[in-house]
Amino acid sequence: MQRSKNKNEIKLYSVICPIWFLMLMPSWQSLLIFPVNYIIDTAVTFFTLPKSEKRWSFCKRHTWKVFIAGLATDLAGGLLLFPAVPVAGDTGIEWVDDAMIAIYGNPFSDYVALAVCSAAIIVAAFLTYLIDKRIFLKAGLTIRQAKKSAIILAVITAPYLFLFPSELLGT
């Protein structure tokens, strides 16, 4: 939504729901997203652990915690983008309005939007690292192994969909 120079005239742009909103709203897509996310978390955890017969049992006991933590940290990153939704195109400051609309449609079309979306991804990844490291330490991994597994999980499972240009899905 954008106000024109005439205060009574409001232009509404055809903007679809950004793909990262799927994390904030449970839907039928969750039936696919959650199991795939869990499988990815399990695989990454499994392959970051030292080779031993205990890897699989470790994953069976602890991956659900990593999965829940990942959902929470992705949600935290998504909440950083959420303020863009109600004020998109309505602040009266042109560069802010452009950035808010770009966060919705195509973050690559605006430097500020790209920076904000990238920051949200970094925040989510950093929180994932901190929480997963703690989970792994409590599970009995060495500090070196816990850090290694947590950083790889944080990088691989970061919510890169925040950068997905939703406008490509249609208008």
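Checked against (1) surrounded by fewer than 20 Cβ atoms within 10 Å (Cβ to Cβ); (2) in contact with an Asp or Glu (Cβ under 6 Å, 6 or more places away or on another chain), residue 159 passes all but condition (1).
Summed over segment 126-141, the residues that are of a type outside the set (Phe, Trp, Tyr), over 16 Å from residue 58 (Cβ atoms) and without any contact (Cβ under 8 Å) to a residue 40 or more places away in the chain give a count of 1. Just one of (1) in a helix (DSSP H, G or I); (2) surrounded by fewer than 20 Cβ atoms within 10 Å (Cβ to Cβ) fails for residue 153. It is (2). Screening 141, 130 for residues that are part of a helix (DSSP H, G or I) and either more than 18 Å from residue 161 (Cβ to Cβ) or of a type in the set (D, E, K, R) (or both) leaves exactly one candidate, 130.
Okay, residues lined up against (1) surrounded by 15 or more Cβ atoms within 10 Å (Cβ to Cβ); (2) out of contact with any Ser or Thr (no Cβ under 9 Å at 6 or more places or on another chain); (3) farther than 17 Å from residue 80 by Cβ:
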site	(1), (2), (3)
108	no, yes, yes
114	yes, yes, no
121	yes, yes, no
125	yes, no, no
133	yes, no, yes
142	no, yes, yes
148	yes, no, yes
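Is it the case that segment 117-131 has a residue that's modelled with pLDDT of 80 or more, out of contact with any Lys or Arg (no Cβ under 8 Å at 6 or more places or on another chain) and more than 22 Å from residue 155 (Cβ to Cβ)? Checked segment 117-131: no residue is modelled with pLDDT of 80 or more, out of contact with any Lys or Arg (no Cβ under 8 Å at 6 or more places or on another chain) and more than 22 Å from residue 155 (Cβ to Cβ).
Among residues belonging to segment 90-106 that are exposed (fewer than 14 other Cβ atoms within 10 Å of the Cβ) and of a type in the set (A, V, I, L, M, F, W, C), point out the one that is modelled with the lowest pLDDT. So the residue we want is 93.
The values are calculated or read from the model by the stated rules, or taken from the named source; none is laboratory data. Worth saying up front: this structure is predicted, and the values here are computed from it rather than measured. Because the Cβ atoms are built from the backbone with ideal geometry, glycine has one as well, and the counts that use them run over all protein chains shown.
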